[in-house]
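Colleague: Could you have a look at this structure, given as structure tokens, before my questions?
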């Protein structure tokens, strides 16, 4: 089998994390070039892959690659992705796809003209715990879902890089930059949105030009509600990353810290504070007990490997990615509408995003 030649474009932060796990795909893909404006960062990634060369300019590597994984600052997603698509290369693009609707549409059209895969790297779709909770909700294993809540509490501030937290660089605030993962998950699980609200603040995160802390509430067709709380200002956390899905016969919970999917049920009285809890999936099996950091790291690695594997499948077969350009645009459109409604102090009308049609 001929292995796909892959270039890693951007080797700091997320780019360096993407380098982890490629040993599990070595029969399908070969990392041939690592690109970063900081030569030492490119070299630190290239050192992990025999025969991988480095470059400081992505426009010089076309002859080395069949596809690229782009992990550049958000405002650079569009020009880099457009360059590689126009050159006939497949593109796996870190979230968010681009910082404007016009640029998103242009990338989608460029991928169609070139007949090349364009996939957004929404890694949470490939987390084994998230996959399983989606299966259970689709099967109505615990009745009808009526509320999904997602919490993400972290501290995100890169020393000396406050200039990279501006709207010009990020395209928005915490919701647009990181919360887009979880808006994508809510749409994936709950379907078509009707209306919603966003409240954000940079209190506690003064290095952010826009919100560093974000609350989103969305009503979906059928009456189910979705909620996302995210902050980049957590100086401590209990929830960390947590999903909860309330259904008519129980509540499903993902605890990413422990690596478990739980179901809580048999709560038959408002005065009863505990029912029955069962572990449905334990992703920490085989890891050192008590090493919750190891659980999180391994879950992240598993999801990244599954994401790249899916990308390779789409390149091989011509299938549409689960997180293709048109689907990814819908979540960004929703965020832009929430931002606009927040500025106008009204509830956002979220109908007509077109989950099955991306052109306005």
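FYI, it's all coordinate maths here, none of it is from the lab. As the structure is a prediction and not an experimental result, all values here were calculated from the model. Cβ placement follows ideal geometry from the backbone for every residue including glycine, while neighbour counts extend to all protein chains displayed.
Colleague: Between 148, 45, 29, find the one with the highest GNM mean-square fluctuation for the chain; connect C-alpha pairs within less than 10 Å.
Modeller: 29
Colleague: Mind pulling the angle between the C-alpha long axis of helix 325-344 and the longest principal axis of the chain? Nearest 10 degrees, somewhere in 0 to 90.
Modeller: Here the helix axis deviates by roughly 60 degrees.
Colleague: With a ≥ b ≥ c the root eigenvalues of the C-alpha gyration tensor of the stretch 293-334, is it rounded (a/c under 1.5), prolate (a/b larger than b/c) or oblate?
Modeller: On the way: a/c = 5.76, a/b = 1.35, b/c = 4.26.
It comes out oblate by the Cα gyration axes.
Colleague: Extending each Cα 7 Å along its Cβ direction at residue 157 and residue 56, get the distance between those two points in nm, one decimal.
Modeller: About 3.1 nm separates the two model spin labels.
Colleague: Something else: Determine the shape class of the stretch 7-150: with a ≥ b ≥ c the square roots of the Cα gyration tensor eigenvalues, call it rounded for a/c under 1.5, and otherwise prolate if a/b is greater than b/c, oblate otherwise. Intermediate results must be reported in sequence, preceding the final value.
Modeller: Values: a/c = 2.17, a/b = 1.53, b/c = 1.41.
Cα axes put the stretch 7-150 in the prolate bin.
Colleague: With contacts defined as alpha carbon pairs under 8 Å and 6 or more residues apart, what's the relative contact order of the stretch 4-116 in percent? Each step should come with its number before you reach the end.
Modeller: On the way: 202 pairs, mean separation 27.7, N = 113.
Normalised by residue count, the contact order of the stretch 4-116 is 24 percent.
Colleague: Continuing with the same structure: What value in Å³ per residue do you get for the convex hull of the alpha-carbon atoms in the stretch 21-101?
Modeller: Numbers: hull volume 8.2 nm³, N = 81.
Taking only Cα atoms, the stretch 21-101 has a hull volume of 101 Å³ per residue.
Colleague: Oh, and also: Contour minus end-to-end for residue 20 and residue 276, with contour as 0.36 nm per residue of separation and end-to-end as the Cα-Cα distance?
Modeller: Numbers: separation 256, 0.36 × 256 = 92.16 nm, distance 3.82 nm.
Answer, rounded to one decimal: 88.3 nm.
Colleague: Considering the alpha-carbon set of the stretch 163-253 alone, what are its Rg and its Dmax in angstrom?
Modeller: 14.4, 48
Colleague: Here is a further query. Where is the GNM fluctuation largest for the chain (alpha-carbon springs, 10 angstrom cutoff): 156, 99, 213?
Modeller: So, out of 156, 99, 213, the one fluctuating most is 156.
Colleague: Another question, if that's okay. Express as a percent, rounded to the nearest 5, the fraction of DSSP beta bridges in the stretch 4-116 (both residues included) that run antiparallel.
Modeller: Details: 0 of 17 bridges.
In the stretch 4-116, approximately 0 percent of DSSP beta bridges are antiparallel ones.
Colleague: How many nm separate the modelled label positions at residue 167 and residue 87, each set 7 Å beyond the Cα in the direction of the Cβ?
Modeller: So the label points at residue 167 and residue 87 sit 3.3 nm apart.
Colleague: Now a separate question. Suppose R0 equals 30 Å; then what is the FRET efficiency for residue 63 and residue 134 from their Cβ-Cβ distance, rounded to the nearest 0.05?
Modeller: Efficiency, rounded to the nearest 0.05: 0.15.
Colleague: Still on this structure, please answer the following. Where the centre of each part is set by its Cα atoms, how far does the stretch 149-212 sit from the stretch 31-71, in angstrom?
Modeller: So the separation of the two Cα centres works out to 29 Å.
Colleague: Sticking with this structure for a sec: Find how much the distance from residue 267 to residue 320 grows on full extension, using 0.36 nm per residue of separation minus their present alpha carbon separation; answer in nm with one decimal.
Modeller: Working: separation 53, 0.36 × 53 = 19.08 nm, distance 4.18 nm.
Net length gain for the segment: 14.9 nm.
Colleague: A further question on this structure: How big is the antiparallel share of DSSP beta bridges in the chain, given as a percent to the nearest 5?
Modeller: Values: 43 of 71 bridges.
Restricted to the chain, the bridges split so that about 60 percent are antiparallel.
Colleague: Could you state the orientation-averaged shadow area of the convex hull built on the Cα atoms of the chain, in nm² to one decimal? Before the final figure, lay out the partial values.
Modeller: Numbers: hull surface 76.6 nm².
If you wrap the Cα atoms of the chain in a convex hull and average its projections, you get 19.1 nm².
Colleague: Quick check on the stretch 106-175: take the gyration tensor over C-alpha atoms, sort the square-rooted eigenvalues as a ≥ b ≥ c, and tell me if it's rounded (a/c under 1.5), prolate or oblate.
Modeller: It is oblate, given that a/c is not under 1.5 and a/b is not larger than b/c.
Colleague: Kindly state, to the nearest 0.05, the FRET efficiency for residue 40 paired with residue 349, given R0 = 35 Å and r defined as their beta-carbon distance. Don't jump to the answer; show the numbers that get you there.
Modeller: Numbers: r = 49 Å, r/R0 = 1.40.
Efficiency, rounded to the nearest 0.05: 0.10.
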